Amino acid sequence: MSSSPTTSESALAESLRPRLHSTLQPLLNHASPCLPALEKTCQKILSLTGGLTGTDRLAQIISRDPALSCRVLHISNRIAYSLQQVITSIPDAVSWLGLDTVRSLVTASQLMKQLNQWPNHQQVVSGVTARALVAAVHANELGMALKYPSLSQLVSATLLYSIDDLAIASQAQDLYVSYRRIPLTAKTAAAQIIEETQLYGVPRPRIAQALGQMWALPPLVVELFSIEGHQSRERWGSGQEMFKGLVIGCSSWSMP
């Protein structure tokens, strides 16, 4: 963990844990978590703001992590290949790709690394990761069609939106497999929340919200897990509502 949780964040996890299915309760044990938090490097990158200062800071953070530097340069050059460019430094990669795109790459890399943590659960966990990537691609395509102003932010948020599914799948395969069947019987967002509560003990968005706070995810991602956001995703009257609708909607469409 990069920092201790605030009182309100601890209170949320503490209030949920007694009602949570016993198999999942260790997920909300901040003192001894059964699932590794996001790497400190990833957390720092996700917390950066835009502008020249944020871009410079991003290049510095990545440059201090040799493994991450190699991955970013490798992916950057694969993207740049069609333009016959060669990117040889992290500052060049960040300048060429942009802060939001690099944050998306780091997020995807972090999700993929989780596969090695649970060798006995690889089939289920790899399915979670694959659906997260598919959802992110859908969000990007729809965002372009709707002229959403920050596509890379949209992609990274969609990838992070699956982080609680990754935690649950790694901790309790059977529960997660049962959760995947819920959309087949629950035809509305409200009905789905009821079935999730019966299965997990508390609504899935509440678990996600607590995990998001424990892992210091960006506030805009934690906000996505509010139950109100799930129940009102059909109304896109503002840019923030469009953001929620694209992330939650694309993630839901990738479920079956």
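Every number in this text was worked out from the coordinates using simple rules, so none of it is lab data. On a predicted model such as this, the values are computed, not experimentally measured, just so you know. Every residue, glycine among them, receives a Cβ derived from its backbone with ideal geometry; neighbour counts consider all protein chains shown.
Remark: spin-label model distance Glu14-Val86 equals 5.9 nm, labels positioned 7 Å along the Cα→Cβ axis. Counting other Cβ atoms within 10 Å as a rough exposure proxy, the listed residues Ser162, Ser69 run Ser69, Ser162 from fewest neighbours to most.
Cβ-Cβ distance of Ala191 and Gln240, R₀ of 22 Å, FRET efficiency by 1/(1 + (r/R0)^6): the value works out to about 0.30. Counting neighbouring Cβ atoms within 10 Å and putting the fewest first, the residues Cys250, Cys70 line up as Cys70, Cys250. Our estimate of slack between Ser22 and Ser178, defined as 0.36 nm per intervening residue step minus the Cα-Cα distance, is 54.6 nm. Listed from fewest to most Cβ neighbours within 10 Å, the set Thr41, Thr185, Thr101 follows the order Thr185, Thr41, Thr101. Dividing the mean sequence gap of close Cα pairs (under 8 Å, 6+ apart) by how many residues region 129-186 holds gives a relative contact order of 31 percent. Each residue, Gln60 and Trp253, gets one label point 7 Å from its Cα in the Cβ direction; the gap between the two is 4.0 nm.
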